[in-house]
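Report on the following structure.
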Amino acid sequence: MTSASPILIIGSMAFDDLELPTGSAHNVVGGSATYSAFAASVFAPVRVVAVVGDDFPEEMLGTMRGRGIDVDGVERASGKTFRWAGRYDTDLIHRTTLDTQLNVFASFNPKLPELYRDTPFVLLGNNHPALQLDVLEQTRAPLFVVADTMNFWISGEPQILASMLRRIDTLVVNDEEARQLSGIYNIRRAARDILTRGPRRVIIKRGEHGALLFDEDGIFAAPGFPLEDVIDPTGAGDSFAGGLLGYLSNQQQISALSLRRAMLHATATASFCVEAVGTQRIATITREDVAQRVDQIRSLYEFGASTM
């Protein structure tokens with residue numbers, strides 16, 4: 001089998017202070033690049049571009065290297081690492097941001113190492129759309145580009161965001177963000193509107209209810225996996241995006257079928273993330289773990305012949 005192509009991930013690496021229904025956790029290593037890199041590394045080699053401060057643990061970078069993640073693009077700047085604090089409601093769906101300290105991330109100006117510029121699969125994590133565009137300018141004809149965004153950029157930088165959308169293959173957002181971007185409440189109509197803005201496909205994440213893919217081949221629904229124990233949902237969306245690109249890179253093709261299979265593998269990968277605080281679980285799973293959970297997800301909607 002052909003080896004997987006590398007994946008380039010640009011995003012944040014951070015410390016999180018979390019107030020969860022099960023208790024508080026402080027100085028948890030997180031960030032979009034961290035979660036998505038661990039998820040993607042289950043399937044393919046990963047290259048990360050991010051910035052951390054003097055206080056970021058070298059041990060975590062070593063753990064990432066051990067998972068096949070190239071961290072040569074991670075800049076260590078003088079100062080403190082990006083920090084986020086949040087409180088989750090008892091339903092673990094709604095959360096409140098308590099504090100955000102950009103620190104060294106505020107002046108982050110990503111410079112891609114020469115080796116990274118030809119990476120075929122690119123994940124633009126949730127950053128300022130101008131920064132996402134700058135990264136794209138530094139790449140050379142990537143095969144597949146996925147971008148994430150959020151409410152803050154949708155309302156604050158609509159023109160630059162519009163330019164970014166015209167440069168990508170796939171936009172990954174949650175249902176609230178899709179409604180805000182399109183101005184349309186109905187998810188199907190909202191997705192149709194987003195597709196007119198540039199991306200060839202849009203994936204709308206719906207938390208525990210799974211995710212929807214909208215593209216020229218129609219609509220595909222990947223169900224969420226019902227877990228008995230959900231501990232920490234931080235990073236689940238980033239893990240979904242990383243798992244999606246990782247699987248596609250491993251398959252060495254972008255087709256209607258591979259995309260739909262990737263959706264199931266992304267959902268399965270993300271389901272592991274929420275089973276522990278921070279990256280504890282997502283940093284340890286294997287491809288076999290994901291394959292078994294994909295089979296469990298398929299069993300949710302496949303009928304046996306005897307029941308038809």
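The values are calculated or read from the model by the stated rules, or taken from the named source; none is laboratory data. The model shown is predicted, which means the values in this text are computed figures rather than measured ones. No Cβ is skipped: glycine too gets one built from the backbone with ideal geometry, and neighbour counts run over all protein chains shown.
Which members of region 53-88 meet the condition of being among the charged types (D, E, K, R), out of contact with any helix residue (DSSP H, G or I) (no Cβ under 7 Å at 6 or more places or on another chain) and either within 13 Å of Thr34 (Cα to Cα) or free of Cβ contacts under 8 Å to residues at least 24 places away in the same chain (or both)? Step through it out loud before you land on a result.
Step one: list which residues in region 53-88 are among the charged types (D, E, K, R), which gives 54-55, 58-59, 65, 67, 70, 72, 75-76, 80, 83, 87.
Then keep just the ones that are out of contact with any helix residue (DSSP H, G or I) (no Cβ under 7 Å at 6 or more places or on another chain); that gives 54-55, 58-59, 65, 70, 72, 75-76, 87.
Scanning region 53-88 gives Glu58, Glu59, Arg65, Asp70.
For Ala77, work out the one condition from (1) farther than 18 Å from Pro57 by Cβ; (2) surrounded by 16 or more Cβ atoms within 10 Å (Cβ to Cβ); (3) at pLDDT 95 or above it doesn't fulfil.
Only one criterion is unmet by Ala77, namely (1).
Restricting to region 200-222, what's the tally of residues that are under 21 Å from the mean Cα position of the chain (by Cα) and without any contact (Cβ under 8 Å) to a residue 40 or more places away in the chain? Spell out the reasoning first.
Residues of region 200-222 under 21 Å from the mean Cα position of the chain (by Cα): 200-215, 219-222.
Then keep just the ones that are without any contact (Cβ under 8 Å) to a residue 40 or more places away in the chain; that gives 200, 202, 204-206, 209, 212, 214, 219, 221.
Residues that pass the stated criteria total 10.
Show the residue pairs that are 6+ apart or on different chains and have beta-carbon atoms under 7 Å apart, the first residue being within region 107-123 and without any contact (Cβ under 8 Å) to a residue 60 or more places away in the chain, the second being among the polar types (S, T, N, Q) and not in a helix (DSSP H, G or I).
Within 7 Å, the pairs are Arg117/Thr139.
Looking at region 41-53, is at least one residue surrounded by 24 or more Cβ atoms within 10 Å (Cβ to Cβ), over 22 Å from Phe105 (Cα atoms) and hydrophobic (A, V, I, L, M, F, W, C)?
yes
Residue-by-condition table, conditions (1) crowded, with 17+ Cβ neighbours inside 10 Å; (2) farther than 29 Å from Gly198 by Cα; (3) in contact with a strand residue (DSSP E or B) (Cβ under 6 Å, 6 or more places away or on another chain):
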residue	(1), (2), (3)
Gln101	no, yes, yes
Phe105	yes, no, yes
Asp118	no, no, no
Gln132	yes, no, yes
Val145	yes, no, yes
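Report yes if Gly278 is in a helix (DSSP H, G or I) and under 30 Å from Thr96 (Cβ atoms), otherwise no. Outline the logic, then answer.
Values: in a helix (DSSP H, G or I): no; under 30 Å from Thr96 (Cβ atoms): yes.
Answer is no for this residue.
Might you check whether a residue that is under 14 Å from Leu213 (Cα atoms) and surrounded by 21 or more Cβ atoms within 10 Å (Cβ to Cβ) occurs anywhere in region 251-260?
Looking for residues that are under 14 Å from Leu213 (Cα atoms) and surrounded by 21 or more Cβ atoms within 10 Å (Cβ to Cβ), one finds at least one in region 251-260, hence yes.
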